[in-house]
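Below: one structure, written as structure tokens.
The values are calculated or read from the model by the stated rules, or taken from the named source; none is laboratory data. Keep in mind that this is a model prediction, so the values were computed, not measured. Cβ sites come from the backbone with ideal geometry, for glycine too, and all protein chains shown count toward neighbours. Just so you know, the surface numbers come from the protein's heavy atoms only, side chains and all, with ligands and any DNA or RNA stripped out. Shrake-Rupley method; radii C 1.70, N 1.55, O 1.52, S 1.80 Å.
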Amino acid sequence: MFKKPFQSKPQSALRESACRSLITEAQSTFPEFNFVPTKLQTQKFVSHVGDKGDIISSSTDPLWIRTTLPTSRAVLVPTVYTQWQNPRMLPILWTWPVVIEKLVGGADLMTAGLVVPKSGLPVLTKGSLVAVCAHGEMAARAVGVMAVDTREIGEVVGAKGKAVLVVHTYKDWLWEAGSKDEPPEIPVDSVEEAGVEESAAVEDTTADVDTTDAIEGAMEELSVQDAAESESTAAVHVTPAEMDALLMTSLKQVMATVLDEKHTGEQLPIAASTLFSTYMLPSAPRNAELDIKKSSYKKLAKFLKAMEKHGLLGLKDIRGETHIKSLNWKHTDLSTYTPYAKAKRVEKAEGAPAVKIQKGNMIELEELLRVPPALRPLFDDVGGEPESEYMTRQQARSVLETYIKKHNLVDLRNPRNIRVDHLVCDGLLTKDEIAKLTFYPRDKLQQRLQDRMTLCTRLTIPGSPSVVRQGRPPFVDILCEKKMGNKVVTRAIGLEVYGVDPASLAKELRVACASSTSVDPIPGKKTVSVLVQGHQVKIMTKLLHARGLPADLLKVTDKSGKSKK
């Protein structure tokens, strides 16, 4: 229920009469309950799958969940924090530590993952609340509800299906909302005399149970379940309500950490696209990817206007572009919000998402020269033409120097001048120069030689063989211009030459810029343009640079009349 971020209302204090009623209900439902906190608070929540209920918390930890479970009516469910204070309040089922890791990741407990004491499983009916502990421990790692009667499970080895539907676990998002304490050490022996019948027996499991087979069977079934959930997630995709919650959580995380009240005054106003790409995207909850198109808002501007109406921030239009002019750090949502540990590093530099450029992944360009027919006699004279037909400028320079030295063409009175002979005249000088000149400056002769050779470029794209093309490499044009009205668009043309997938770039731009994108063919040309709404020159440049395109291959033309980001 809480394996992904959930939406919640602000907390409100629980009245004394309501606290007394809650304690009475807890003691009647859980006879072993003896932990009586004071000053309780309550807040409504909606999970990522639409489950609704109330969270009742102390000043530090969430203690109870009141919600409707899949196999029962609305009930009061203790959190792991409460169970750690009252380890005997719920019936306990044990499983292997490797299975606990799967439960923390969001899986349900399968029958193959149960550890059966010698005395057998406790008698539990479908819908009963249970605590799930690691083998040999009493501190709950998960709280859930029985999916079947324990009498129906029978022999555990080889059994299939779910035994416990997990509601809440250690290290899920509800645990994150508390003090984030680690499970205490509550050994089985310390509570054996207090009435836990299965405690001593858990150390001696049934003799005919192969522990290795049981664990492997549990892990195999959990892997199948995880694969099915992943496939279902890919097919169903994220719901708009869930994406709305992620956007809200990321914004509050940014306001509580990176753009806090102490360090943000001078940075305001901030462009809307900068807020989203530079701050919100890296601050998203772990294993979550923000995509404004998958939310109910569809556009970043609508989301920000909704947040302005909610009172979290203030907006201002600057030259036709939305900017955040103020942030309300005193909002009740922030006063009750606890920041989580960021899974990604937030870059404080303005303008574009953080991109990692690794050495060896950049496109390499090497300028080469090819010998034309008019110069072939000169090169043949010294044997200077390489086997590959192409040479560098330094190699061409060495060929001419060798020819000069071989035929003693240096002017003795001025070593900077070279006496021209028939091969030099035929290949490098014009008719007028041949008639008038006897000597020619050495540096100008070297430049004349390289100018007369055919310029080529060797293009090496990582993962592909090198290709030599005549002439200079084509630019990737990045054009920012105004369309109808005051709308600004940014487009990139000529990506295919360098192995950049236009569809992949468009998808990444859509997320990074929180703007609509398209891939359109260019009439009369065998290429396409990638278009993104808004003035996104800097973000597009960063993304292309991350794909290996050096800066000297990018030609930026800004016709929008706006300042660059």
Matching entry among PRO31, PRO62, PRO70, PRO37 (being modelled with pLDDT under 85 and either within 32 Å of the chain's Cα centre (by Cα) or closer than 29 Å to LYS330 by Cβ (or both))
PRO37
The correct count of residues that are outside any strand (DSSP E or B), under 30 Å from THR490 (Cβ atoms), free of Cβ contacts under 8 Å to residues at least 60 places away in the same chain and not hydroxyl-bearing (Ser, Thr, Tyr) in the range 438-467 is 1
Subset of the range 525-552 [among the polar types (S, T, N, Q) and either part of a strand (DSSP E or B) or open to solvent by less than 30 Å² (accessible area, probe 1.4 Å) (or both)]:
THR527, SER529, GLN533, GLN536
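Provide a single number: the residues in the range 133-153 that are outside any strand (DSSP E or B) and crowded, with 24+ Cβ neighbours inside 10 Å.
The first filter runs over the range 133-153 and keeps only residues outside any strand (DSSP E or B), leaving 135-136, 138-139, 147-153.
So of that shortlist, the ones also crowded, with 24+ Cβ neighbours inside 10 Å come out as 138.
Selection size over the range 133-153: 1.
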Filtered residues of the range 1-48 (kept if of a type in the set (A, V, I, L, M), assigned to a loop (DSSP other than H, G, I, E, B) and in contact (Cβ under 8 Å) with a residue 24 or more places away in the chain)
MET1, LEU14, LEU40
Just the residues that are part of a helix (DSSP H, G or I), aliphatic (A, V, I, L, M) and farther than 24 Å from LEU275 by Cβ, please, taken from the range 468-516.
VAL497, ALA503
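Being open to solvent by 20 Å² or more (accessible area, probe 1.4 Å) and at pLDDT below 80 is the filter here; which residues of the range 275-288 pass it? Don't jump to the end; show me each part of the working.
Our first condition is that a residue be open to solvent by 20 Å² or more (accessible area, probe 1.4 Å); within the range 275-288, this holds for 281, 286-287.
The answer is ARG286, ASN287.
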In the range 302-344, which residue that is open to solvent by less than 40 Å² (accessible area, probe 1.4 Å) and small (Gly, Ala, Ser) is farthest from LYS262 (Cα to Cα)?
ALA306
Output the number of the condition that ARG88 fails; it satisfies all remaining conditions of (1) open to solvent by less than 20 Å² (accessible area, probe 1.4 Å); (2) more than 38 Å from the chain's Cα centre (by Cα); (3) of a type outside the set (Val, Ile, Thr); (4) modelled with pLDDT of 85 or more.
(1)
Taking the residues in the range 242-263 that are over 17 Å from THR332 (Cα atoms) and open to solvent by 60 Å² or more (accessible area, probe 1.4 Å) as candidates, determine which candidate is modelled with the highest pLDDT.
LYS262
Would you check if there is a residue in the range 506-521 being under 21 Å from MET243 (Cβ atoms), without any contact (Cβ under 8 Å) to a residue 24 or more places away in the chain and basic (Lys, Arg)?
yes
